[in-house]
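Okay, structure first, notes after.
The values are calculated or read from the model by the stated rules, or taken from the named source; none is laboratory data. Keep in mind the model is a prediction, meaning the values are calculated, not measured. All Cβ positions, glycine included, derive from the backbone under ideal geometry; neighbour counts span all protein chains shown. SASA here: full protein model, heavy atoms, side chains in, ligands and nucleic acids out. Shrake-Rupley method; radii C 1.70, N 1.55, O 1.52, S 1.80 Å.
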Amino acid sequence: MNNSPENTPYTLPAVGIEKMAAYPGTLFLDLYKLAAARNHEVSDLRDNLLVRRRTVNPMWEDPVTMAVNAGMRLLNEEDRARIQLVITSTESGVDQGKALATFAHRYLGLQPNCRCYEAKQACYSGTASIMMASHWLRSQRDPEAKALVITTDQSRMNIGEPYEFVTGGGSVAMVLSRKPDVLEIELDKNGYWAHETWDTFRPTLTVETGNGEESLFCYLDALEGAFADYRSKVGEQDWDSYFQKNLFHVPLGGITFMAFRALLRNWRKVKKKEARELFARRSQAGLTYCREVGATYSGSAYMALLGMLDNSPDLGAGDRIGIFSYGSGSVGEYYSGLVGPRAQEVVGMADMKGILAARKEISVAQYEALERQRHDLVEVGDFVPDITALGTAYDEQYRDKHLLVLKKIEGHIRHYDWS
């Protein structure tokens, strides 16, 4: 037998998420109080939209600070030495040319021999970055190489708009490697779908607009198309047992139930009551943290992954999670991953329950003032945030806590420092 290296079977290495953590901001708005201020039924938020609170950034925070503050919760010195690829995924970039990833690379103290860039395709860019990083890892000659993917987004001002209740912000940081302790990405099991449309979009730095009803239909069309492509590659399966859990992109919690019910129709018909029971068992845990931060755009599927892994004691190593990612404009991808051997342990160390409990509530009036100020100043070249504007919030939530904050913008150059 010829046992020369060129004839030796090669097994592709497993790759995926080694560790992950999130930064949900330090301030929140109670959406039930916002509903009361807008004369909107709280029951709609609770029962249909499935939202409760949303993150609101003070003026000394932005997508850069969120990205870095998420990364700081995650990285150790070994990671910093081995990360050779940095991708930041956002539709809230702070510059039209300079990549947000350059800020993350600098303030997270990463070694200089890095490929470093920013990805944008609406809410899909987080998944696109994870896929690119995973394939890159498989191609590396260095088995110890790692990649860092950070999703970071915040909503534009939508005061008084119908979709005001589903806005928010936050960041998720993930280290990917050949040691997928959290989630092994099944790179041979991906379904894609694309169709150009104008459902939701951001034509300027201040405007976030679109057609909510069209976006819903585009989302469901993309799910159907991507899942059909996934099935064509995976083959016929007993879908009830093939997936232990199902995750979806979460622009708002309510749409995930519609998506889950649409997915169910691919293998059997169920009544709405049974669909809700199945949803509660197989998907609802993924909304745990999404309901507290609101829309996180490019990171929402991974905020959902954190919630699911942290709140599903029935999940075990090797269990398969089906994941749907969607980006307006539009692109959809359905893929699957296998729960890693240390998933619950690693996600537990991210302490999402603790950092959410430590946030400070702001009033509806304070939220409105912040949103208007951010809208007015988003393109201003000279600006110094007033850290006294929210009373004691800076002293309570930031001072001496080593969080990255925006100190000033001078001649359009952004200056950051540690609190």
Problem set entry | Radius 10 Å from Cβ of residue 144, net charge of other residues (Lys, Arg +1; Asp, Glu -1) | +2
Exercise. What's the Kirkwood radius of segment 136-257 in Å, using all Cα pairs?
Worked result: 17.8
Problem set entry | Fully extended contour minus Cα-Cα distance, from residue 232 to residue 351, at 0.36 nm per residue | 39.0 nm
Problem set entry | Tail fraction, Cα-Cα pairs, the chain, threshold 36 Å, whole percent | 22
Exercise. Taking 0.36 nm per intervening residue step and subtracting the Cα-Cα distance, what contour gain separates residue 217 from residue 96 on full extension?
Worked result: 40.5 nm
Exercise. Nearest-5 percent of antiparallel DSSP beta bridges in the chain?
Worked result: 70
Exercise. When the Cα centres of segment 250-269 and segment 282-317 are compared, how far apart do they sit, in Å?
Worked result: 15
For this session: Evaluate segment 191-337: find the radius of gyration of its Cα atoms, find its Kirkwood radius, and give the ratio Rg to Rh.
Result: 0.96
Problem set entry | Cut-off under 5 Å, modelled amide H: who pairs with residue 248 long-range | 324
Exercise. What nm distance separates the two modelled labels at residue 30 and residue 48, each placed 7 Å from Cα along Cα→Cβ?
Worked result: 2.3
Exercise. Just in segment 193-275: which trypsin sites (Lys or Arg not before Pro) are loop by DSSP and have at most 10 other Cβ atoms within 10 Å?
Worked result: 268, 269, 271
For this session: Would you kindly work out the equivalent ellipsoid of segment 301-419 from its C-alpha gyration tensor and give its semi-axes, the square roots of five times the eigenvalues, largest first in whole Å?
Result: 36, 21, 15
Exercise. Could you give the length gained on full extension between residue 258 and residue 392, defined as 0.36 nm per residue of separation minus the Cα-Cα distance, in nm?
Worked result: 44.1 nm
For this session: Provide the three semi-axes, in whole Å and in decreasing order, of the ellipsoid equivalent to segment 340-399 as defined by the square roots of 5 times the Cα gyration tensor eigenvalues.
Result: 32, 16, 12
Exercise. Once amide H atoms are placed 1.01 Å from N in the peptide plane, what residues at a sequence separation of 5 or more from residue 197, or on another chain, have their amide H within under 5 Å of its amide H?
Worked result: 329, 330
Seminar exercise, completed: Other residues with Cβ under 13 Å from the Cβ of residue 297 give, with Lys and Arg +1 and Asp and Glu -1, a net charge of +1
Exercise. When only C-alpha pairs under 8 Å and at least 6 residues apart count, what is the relative contact order of the chain, in percent?
Worked result: 23
Seminar exercise, completed: Taking GluC sites (Glu not before Pro) as exposed when in a DSSP loop with at most 10 other Cβ atoms inside 10 Å, the chain has its longest clean stretch at 1-195
For this session: Provide the convex hull volume over Cα atoms per residue for segment 33-180, in Å³.
Result: 133
Exercise. P(r) for segment 1-117: what percent of alpha-carbon pairs falls in each 5 Å bin, starting at zero?
Worked result: 2, 9, 13, 14, 12, 11, 10, 9, 7, 5, 2, 2, 1, 1, 1, 0
Exercise. Exactly which trypsin sites (Lys or Arg not before Pro) in segment 31-69 are in a DSSP loop and have at most 15 other Cβ atoms within 10 Å?
Worked result: 38
Seminar exercise, completed: trypsin sites (Lys or Arg not before Pro) in segment 107-181 lying in a DSSP loop, each with at most 12 other Cβ atoms within 10 Å of its Cβ, come to 141
Exercise. For residue 353, which lysines qualify as cross-link partners when the Cα separation must be under 19 Å and same-chain residues fewer than eight apart are set aside?
Worked result: 19, 401
Problem set entry | Accessible surface, 1.4 Å probe, highest first, among residues 68, 380 | 380, 68
Problem set entry | segment 174-233, relative contact order in percent, only Cα pairs under 8 angstrom and at least six apart counted | 42
Exercise. Net charge near residue 121, counting Lys/Arg +1 and Asp/Glu -1 over other residues with Cβ under 14 Å of its Cβ?
Worked result: -4
